[in-house]
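Each remark here refers to the structure printed beneath this line.
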Amino acid sequence: MTLPPDLEDVPARVRALGLALGHPLVFHAETASTNDLAKEAGKSGAPHGTTFVADAQTHGRGRQGRAWVAAPGEALLVSALFRTECPLARLP
């Protein structure tokens, strides 16, 4: 694979993580929450890098209990599924 010049100095393990994102890419015109889509897909065995994009979100949750809702075209609504070898107890 030929890498763009800005990625040539990035360690292979980091490039692999970034290049895997968006494969597969799942788009919904509207969803309750892209995080809910990612969570359910993860439980069903979706691969690392599966990325969920929505044009509108009706019941998303942000940090500190904030609502994360948006009408079509108002926000960038993306969640990505990461699989790691790190024990869950060590993840924040």
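Gly49: out of contact with any Gly (no Cβ under 8 Å at 6 or more places or on another chain), at positive phi and modelled with pLDDT of 85 or more, yes or no? Criteria not met by Gly49.
Cβ-Cβ contacts under 6 Å between residues 6 or more apart (or on different chains), taken from a first residue in region 54-72 that is within 19 Å of Ala38 (Cα to Cα) to a second residue that is open to solvent by 60 Å² or more (accessible area, probe 1.4 Å) and among the hydrophobic types (A, V, I, L, M, F, W, C), are listed as Asp55/Ala29; Gln57/Val69; Thr58/Val69; Gly60/Trp68; Gly60/Val69; Arg61/Trp68; Gly62/Trp68. Per the conditions (1) over 15 Å from the mean Cα position of the chain (by Cα); (2) at pLDDT below 90, the sole criterion not satisfied by Arg83 is (1).
Might you let me know whether region 25-34 holds any residue that is in a helix (DSSP H, G or I), at pLDDT 60 or above and hydrophobic (A, V, I, L, M, F, W, C)? No, every residue in region 25-34 fails to be in a helix (DSSP H, G or I), at pLDDT 60 or above and hydrophobic (A, V, I, L, M, F, W, C).
The values are calculated or read from the model by the stated rules, or taken from the named source; none is laboratory data. Note that the coordinates shown come from a computational prediction; the quantities given were computed from them, not determined experimentally. Cβ coordinates were reconstructed from backbone atoms using ideal geometry, including for glycine residues, and neighbour counts include every protein chain displayed. Please note that ligands, DNA and RNA were not included when accessible areas were found on the heavy atoms of the full protein model with its side chains. Shrake-Rupley method; radii C 1.70, N 1.55, O 1.52, S 1.80 Å.
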